[in-house]
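Below you'll find the structure, written out as structure tokens, and then a few comments.
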Amino acid sequence: MSKYMENAEKAFEKLRTKKDVTILAVESSCDETAVSVVRNGREVLSNIVASQIDIHKKFGGVVPEVASRNHVMAISGCYKEALKEAGISENEIDAIAVTYGAGLIGALLVGINFAKTLAYALNLPLIAVSHVHGHISANYLSHPSLKPPFVCLMVSGGHTALLKVNDYTKISLIGSTVDDSVGECFDKVARVLGLSYPGGPNIDRLAKQGQNSIKFNYHEPLKDTFNFSFSGLKTAVVNFVHNHEQAGKEFNKADVACTFQEIVTDELSEKAVKCALKENSKTLVVAGGVGANSRLREKLKEKCEKENITVYFPDLKYCTDNAAMIGSMAYYYLKSNIGLSDLTLTGKPNVPISI
Ligand code: KG4
Ligand code: ZN
């Protein structure tokens, strides 16, 4: 074993019982370059996010190679800024955490190589964190007294799933999408309506001016299961728009956005509440970028109140990608003695959710 790894193992062991643990976390899985300093899994000392949204907007979506290059350019600046905002020096960091997957491989590698270099140079343990677990942890930052067990509705650009979070690092998959993720559908529908990337927030905004009045030609969502399917609806919306455009028939874009959003948020909120009831969970936690959707929030609040379930959403700044959520989850990995990585760590485009 290398000298570095010998030291890292000893330090990791010691940190498990240390009173205050300060973790510097790095996230670069998609189009946000982010560095954050988090203490004891809950206290955010800094949260720097350099968004590439304006760069990818002109392409209508994230271009992986462009994302990687921009991560390279932004990451050192984010690191310096994160230390400055936290008001700490490098020798006050106890461990380095980094997202190792799921995500775009080239984008992930930028954050991973930066984190490995830091870990080696500062002689600190390196903790490899799953991006999806980070999204769950975003809720621990927004709600100081929230603790597992709970049911989680995970709705991001990459995932749509119902999870049972039995403990911080005991997570099992109950159901997931059998085709597209819900974020992907929001982005695709937005694109066909001529709205800019990322589509979700633009659909959310436009839908407020429309009516739930359109009959899309598609099969009803999957019933009697906690799995989801969104590709049929997505294709139906795309066909509706194309058919109208080709025939020169007028249609109201806001009505398309509104009807699409109503169908999707009905499906998500109904299944999430059903799942919490089936699992006897009085707590439902929402995670991921689509968790910012205003109608999803409204419907879940209403349905949960009726069923006497408490529903939690992350603050909007922790809903979409950030490194604070990675620093939070890294703390719980540390407490459970998992995630310690050596310097051969590499990126994974896909990572299983269950642990
Ligand atoms: O969790 P996230 O930041 O990235 C992944 O890990 O994938 O989620 C990004 C997704 C995008 O598809 C974006 O359009 C969607 O979250 N999103 C929204 C809203 N804000 C972001 N979707 C619907 N309504 C929103 N308000
Ligand atoms: Zn994400």
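The values are calculated or read from the model by the stated rules, or taken from the named source; none is laboratory data. All of these numbers come straight from a predicted model, not from anything done at the bench. Note: ideal-geometry Cβ built from the backbone for every residue, glycine included; neighbour counts use all protein chains shown. Protein only, heavy atoms only, side chains kept; ligands, DNA and RNA dropped before computing areas. Shrake-Rupley method; radii C 1.70, N 1.55, O 1.52, S 1.80 Å.
The figures follow:
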| quantity | calculated |
| --- | --- |
| Selection within segment 26-84 - at pLDDT 95 or above and among the charged types (D, E, K, R) | Glu27, Arg39, Arg42, Glu43, Arg69, Lys80, Glu81, Lys84 |
| Pairs, first of a type outside the set (Phe, Trp, Tyr) in segment 114-132, second open to solvent by less than 10 Å² (accessible area, probe 1.4 Å) and within 16 Å of ligand 1 (Cβ to nearest atom), C-beta under 6 Å, six or more apart | Ala115/Val26; Ala115/Val98; Val129/Thr99; Val129/Ile326; Val129/Met329; His131/Ser29; His131/Thr99 |
| Test: residue in segment 176-196 that is away from ligand 1 (no atom under 16 Å from the Cβ) and touching a Ser or Thr at 6+ places or on another chain (Cβ under 6 Å) | yes |
| Filter pass, Lys147 being modelled with pLDDT of 95 or more, away from ligand 2 (no atom under 15 Å from the Cβ), within 17 Å of Leu296 (Cβ to Cβ) and surrounded by fewer than 20 Cβ atoms within 10 Å (Cβ to Cβ) | no |
| Of all residues making up segment 297-355, the number that are more than 21 Å from the chain's Cα centre (by Cα), assigned to a helix (DSSP H, G or I) and more than 20 Å from Ala138 (Cα to Cα) | 5 |
| Qualifying positions in segment 60-87 - over 30 Å from Leu193 (Cα atoms) and out of contact with any strand residue (DSSP E or B) (no Cβ under 6 Å at 6 or more places or on another chain) | Val72, Met73, Ser76, Gly77, Lys80, Leu83, Lys84, Gly87 |
| First in segment 288-304 and closer than 19 Å to Ser176 by Cβ and open to solvent by 10 Å² or more (accessible area, probe 1.4 Å), second anywhere and within 16 Å of ligand 2 (Cβ to nearest atom) and not in a helix (DSSP H, G or I), Cβ under 7 Å, 6 or more apart | Gly289/Ser156; Gly289/Gly157; Gly289/Thr320; Val290/Val155; Val290/Ser156 |
| Residue ID - surrounded by the most Cβ atoms within 10 Å (Cβ to Cβ), chosen from residues in segment 313-347 that are of a type in the set (Ser, Thr, Tyr) and within 16 Å of ligand 1 (Cβ to nearest atom) | Ser328 |
| Every pair of residues 6+ apart whose Cβ atoms lie under 9 Å, when the first sits in segment 69-87 and is in a helix (DSSP H, G or I) while the second is surrounded by fewer than 16 Cβ atoms within 10 Å (Cβ to Cβ) and at pLDDT below 95 | Asn70/Ile55 |
| Tally of residues being over 21 Å from Asn337 (Cβ atoms) and open to solvent by less than 60 Å² (accessible area, probe 1.4 Å) across segment 4-48 | 17 |
| Pairs, first in contact (Cβ under 8 Å) with a residue 24 or more places away in the chain and in a loop (DSSP other than H, G, I, E, B) in segment 151-179, second within 15 Å of ligand 2 (Cβ to nearest atom) and open to solvent by 10 Å² or more (accessible area, probe 1.4 Å), C-beta under 6 Å, six or more apart | Ser156/Gly289; Gly157/Gly289; Gly158/Ala102 |
| Hits in segment 215-236 (condition: part of a helix (DSSP H, G or I) and either closer than 18 Å to Leu268 by Cα or at pLDDT below 95 (or both)) | Ser231, Gly232, Leu233, Lys234 |
| Residue identified as over 14 Å from the mean Cα position of the chain (by Cα), small (Gly, Ala, Ser) and within 16 Å of ligand 2 (Cβ to nearest atom) among Ser172, Ser142, Ser137 | Ser142 |
| Residue within segment 203-214 that is more than 16 Å from ligand 2 (Cβ to nearest atom), basic (Lys, Arg), surrounded by fewer than 17 Cβ atoms within 10 Å (Cβ to Cβ) and at pLDDT below 95 present | no |
| Test result for Leu126, away from ligand 1 (no atom under 16 Å from the Cβ), open to solvent by 20 Å² or more (accessible area, probe 1.4 Å) and over 16 Å from Ala324 (Cβ atoms) | no |
| Number of positions in segment 83-109 that are over 27 Å from Val351 (Cα atoms), among the small types (Gly, Ala, Ser) and surrounded by 19 or more Cβ atoms within 10 Å (Cβ to Cβ) | 1 |
| Leu284, sole failed condition from (1) assigned to a helix (DSSP H, G or I); (2) away from ligand 1 (no atom under 12 Å from the Cβ); (3) touching a residue at least 60 places away in the same chain (Cβ under 8 Å) | (1) |
| Residue that is farthest from Val132 (Cα to Cα) [pool: residues in segment 4-31 that are within 16 Å of ligand 1 (Cβ to nearest atom) and outside any strand (DSSP E or B)] | Asp31 |
